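Inspection log for the structure reproduced underneath, given as structure tokens.
The values are calculated or read from the model by the stated rules, or taken from the named source; none is laboratory data. Note that this is a predicted model, so its numbers are computed, not measured. Cβ: placed from backbone, ideal geometry, glycine included. Neighbour counts: every protein chain shown.
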Amino acid sequence: MGKLKSYLLTGIIIVIPVFLSIYILIVVFNFLDGLLGRFLNTLLTATIGFYIPGTGFVASLALIVLTGFFAERLLKRRMALRLEAVFAGLPLIRNIYPALKQVCLFVSQQKHFGFKKVALVEYPRTGCWSIGFVTNEQFDALSRATGRELVSVYISTTPGPLSGLVFFFPKEEVLFPEMSVTEALNIIISGGVFKGDLPQKPIVSGGAS
């Protein structure tokens with residue numbers, strides 16, 4: 001009975017995320033396909049006698065790209081910001097839009113932030129650990145001033161990872177868990193709910209990296 005329960009739990013852990021991922025993809029596809037799909041399918045059926053599945057999805061993606069192009073190239077930045085401010089100020093929307101925008105910006109542009117690897121540091125107090133991202137390891141002037149080799153660690157907030165603080169830690173006090181930047185971002189954005197595929201190998205300190 002104990003083994004059966006263990007098998008069941010293991011199966012749930014493996015199967016549920018897979019089905020949820022597939023379900024989310026289907027929901028997103030159906031949503032985007034339904035935005036323009038009904039109109040386009042009716043038009044195609046009346047014109048050529050049949051419709052092509054997924055036409056609404058492709059058209060919706062094209063509309064999103066054109067909207068981005070229009071906002072970035074044709075609209076003045078001030079006007080775009082004003083329109084966004086009006087939308088972000090709507091009831092209910094203002095409670096979720098800012099955080100969602102930060103998450104999307106952060107995930108789409110994380111390569112530009114120069115995150116080298118994930119760091120684990122004692123912050124905001126000794127014995128309390130925070131996940132951060134190493135952004136630089138070469139601070140000769142600061143290291144000479146303190147007499148210790150310093151590294152810069154960016155510690156972001158939850159759930160909007162674009163806001164955070166930069167700290168300079170002695171390298172020997174920084175731990176580097178064997179975790180990808182994406183896994184660490186998932187943990188931060190989810191508020192610690194997401195655990196990720198954490199390896200079983202022990203974490204190593206800055207001196208050993």
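Structure notes:
- Exclusive hit being of a type in the set (A, V, I, L, M, F, W, C), at pLDDT 90 or above and under 22 Å from the mean Cα position of the chain (by Cα), set 193, 181, 153, 174: 153
- Test: residue in the range 116-129 that is within 19 Å of the chain's Cα centre (by Cα) and at pLDDT below 90: yes
- The range 115-156 - residue that is touching a Ser or Thr at 6+ places or on another chain (Cβ under 8 Å), polar (S, T, N, Q) and touching a residue at least 24 places away in the same chain (Cβ under 8 Å) and, of those, nearest to residue 171 (Cα to Cα): 135
- Among the residues of the range 199-209, those that are at pLDDT below 55 and surrounded by 12 or more Cβ atoms within 10 Å (Cβ to Cβ) comprise 203, 204, 205, 209.
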